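Heads up, the thing below is written out as structure tokens.
No value in this document is a laboratory result; all are computed from the given coordinates. No experiment lies behind these values; they were computed from the predicted model shown. Reconstructed Cβ throughout: ideal geometry from the backbone, glycine too, with neighbour counts over all protein chains shown.
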Amino acid sequence: MIRRFFTVACCVAGSLNSSPAQPGDPVPPVAEIVVEPDAPIPRPEIVEEAEPVPAAPGIPKAVPVEDDEEPLTVKAVPVPEEAEPLTVKPVPSDEAEPRTVRAVPGTASPPVPVKPLPDAGKPEKSKIAISLNTDPSARPLSLRVPAPRGQIVDRNGEPLAQNRMAYYLGVQLPLKDGLSDSAVFDAAREPIAWARRTLPKGWDIKDDKILEHYRKRRWVPLLSSTMVPDEVVEQIKDQLPAGVVLRPFYLRTYPREAMASHLLGYMGKSGSMASGDILSDEYLWPPTVGKYGLEQRFDPELTGNPGIYNVLYNAAGERLSEDWVQRPKAGHTVVTSIDARFQAIVEHEMKENAVRGAFVIMDVKTGDVIAMCSNPGYNPNDWAYGIGTEEYNKYLTDKQNPLLPRALQGLYPPASTFKVITALAALDSGKVTEHTEFNCPKGMKFGNTWMWNHSHKDEGSMDVERAIKRSCNPWFWQAAKIAGASNLSAMAVTMGFGDKTGICLPNMEAAGNMPSPEYYRKRKGEMTGGVLANVAIGQGEVSATPLQVCQMMASVARGDAVPRPRLVRQIQDVDGRIVQNFPPSVRTALTIDKDALKAVRRGMRAVVADGDGTGTRASNDYVAMAGKTGTGEWHDSPKDYVAWFAGFIPANNPEYAYAALYEGDPGDEISGGRKVAPIVGDVFNKIYKLKKDGKEIPEDKVEGDEDPDEAAVSTGRRKPEPGPAAQASAPAAAPAPEAPKPGLRSWWQRVRSGNKPPAQPAGRP
């Protein structure tokens, strides 16, 4: 009997039992099922509606946006050139090659060719009515067959989430009516004992559950709640004892384990195992639903349409007829903007060099999120079909908080990366020019509070380019004071600070905070003195996510608009047709003075290329980079620091914007130049090696944005030292400051100033 059941289960699952199933693979047509009369079709438990899933623990709440803000107009951005057709990696099959479907006119991206669903044919003519006429005692059942869930793929068709067949273990109780309790227990005892020995976590079933199942649900197997490991299935599938069955179902899998886990999300059961009377339209196996990330956001599109399968039993439990009413239709494919190659590089470098942090790479023209890493991550395979309490508690109690999507929800002081905003606001106001110089002393005092230059040295007079390169805190306070708090706040808001970016995961994204003069006026008084000084260097009440900082750098790189991050490019059906397209868009246009942009960009190039820049450790072997270091005080007690390195690459012809963050441990003395810049340098060294091998290196120049001094910057690591003649005529550059040793910073401050360390956050590069 068991062998007969297994035949039925495998027939319904089709060829999916013989090879790993992929999301584009449907349940194959079942024109005729060969089965002996007394073998029932197994059916699952009743599925209840899922409870709402709470947000990941430890995630900080987003700061709400002011209610009186006007919505921003979204403008479509045309793609400069049409991309080559992409191919989803197919499952080995004897079917014809995937066919290419041309792009819909006016769409931004061509469709990814997907292996089409085999023709299921028309539903078979039902034999149920005939059977009912010949046997009035017959009992019809209608079963739902879950459809294969659609794939989630990267921009090149590489699968990030797909399906395979897995199995439950179950006990098939006798179908006869009127058995005594002892007879039912005798029939169930040995199969249950065998299943308990076979399952990795055992299986304990109380007597009352056995009796209830016999009286109400003996037509379907009594299933365990534990999935049978693949290796166990292979060992037992051909030698199942009497009364034991294997129940197939689709299992969601993530072939790259923890990669992009916060973006993909995870799956969960839509309800518990069914009990009570069998209801019509029950599922052949319990379906799952997306619980987080893209799996949740696009759950309706990924789910597909279930098949409907009718089966008729007589009073003795014999199967009289069976037929398809509707065949399953696989879910759609979600094509993301992620490049799995780049994502793997980013995650490897972050895992090796940062216990906690985030890294975002964005295409400056389209806003495509090429890579987004929140470290540490989690393995969504742990949630594939239910996670145990013990395993889930490990995630909840992990001090590193792996469930937190730091790139989207982590709120941090942007620190010195914000100085790009301050510089642009000052220059665009017309009150400060690229030639305006301010003194850069070792520190400035506001009441009882000191703002220190990060080097704790007097570096003399400097213009905006050198101020960015050396990250001089006093310079930016003086620039912000002249430009005015309103101009500073307006520039930050224009660049997207204090509001969600609009990425397609709104429930996972924090808005951050950008205090305006009005905000302070209503709550704390005028934004002047030390308050404005802190805001000017990205401290105080300014907070942002790594994605927001990356968006800001993309805006500086392109100069004409603030791009809206795009994570999903399109949705396609199983035949490769575009169901929904998500064209590139912008948050708002930029009207910043071009000379101001050039001056800021030159300063950011010098950060990496010049010997006394704060980010020289970010240089790579292939193209020039523009960047800005940042180190900020995050928590007051104990002192926590966060370190940044953000910018764009190549410096003269921007292709990507990036933002990398490193969370320090309490008391750690870190800096963006020492901790994060080397990570960024290694990431892009590997990325551009890939691009060079694939002959994808862009020309590192842009018309009208070069001068003779920049020629040396455009080819690689750092500008060569000047020759003897140049050294004789050129003024001596300020030497690079010696990095303070950990644990000595507060002592050094007291020695230099004769005062206590700053009570307000002291921004550093």
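Table for the structure above
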| item | result |
| --- | --- |
| Inter-site label distance for Lys237 and Ser275 at 7 Å from Cα along Cβ, in nm | 3.2 nm |
| In sequence order, calculated HN-Hα J values of region 331-344 (Karplus, 6.51, -1.76, 1.60; Hz; x Gly/Pro) | x, 6, 9, 9, 9, 8, 8, 5, 9, 4, 5, 5, 4, 5 |
| Residue-span extension gain [Glu526 to Thr591] - 0.36 nm each, minus C-alpha spacing | 20.6 nm |
| Nitroxide proxy distance, nm - points 7 Å out along Cα→Cβ at Ala183 and Lys394 | 4.7 nm |
| Within-15-Å neighbourhood charge of Thr433 [Cβ basis; K, R +1; D, E -1] | -2 |
| Lys692/His456 FRET efficiency (R0 56 Å; Cβ-Cβ; nearest 0.05) | 0.85 |
| Two-site FRET efficiency, Gln326 against Asp230, from Cβ-Cβ distance with R₀ of 41 Å, rounded to 0.05 | 0.85 |
| Under 5 Å, built H, 5+ apart or other chain: amide partners of Gly576 | Val114 |
| Asp668/Asp621 FRET efficiency (R0 22 Å; Cβ-Cβ; nearest 0.05) | 0.15 |
| Separation of the Ile205 and Lys639 label points, Cα + 7 Å toward Cβ, nm | 6.4 nm |
| Globularity index of region 318-409, i.e. its alpha-carbon radius of gyration over 2.2 N^0.38 Å | 1.62 |
| Residue-span extension gain [Val355 to Asp560] - 0.36 nm each, minus C-alpha spacing | 70.2 nm |
| Under Karplus coefficients 6.51, -1.76 and 1.60, residue-wise ³J(HN,Hα) of region 443-451 in Hz, glycine/proline x | x, 9, 10, 10, x, 9, 10, 9, 10 |
| Hz values of 3J(HN,Hα) by residue in region 207-216 - Karplus curve (6.51, -1.76, 1.60), Gly and Pro given as x | 4, 5, 5, 4, 5, 4, 5, 4, 6, 10 |
| Extension gain from His348 to Gln580, taking 0.36 nm per residue of separation minus the Cα-Cα distance | 80.2 nm |
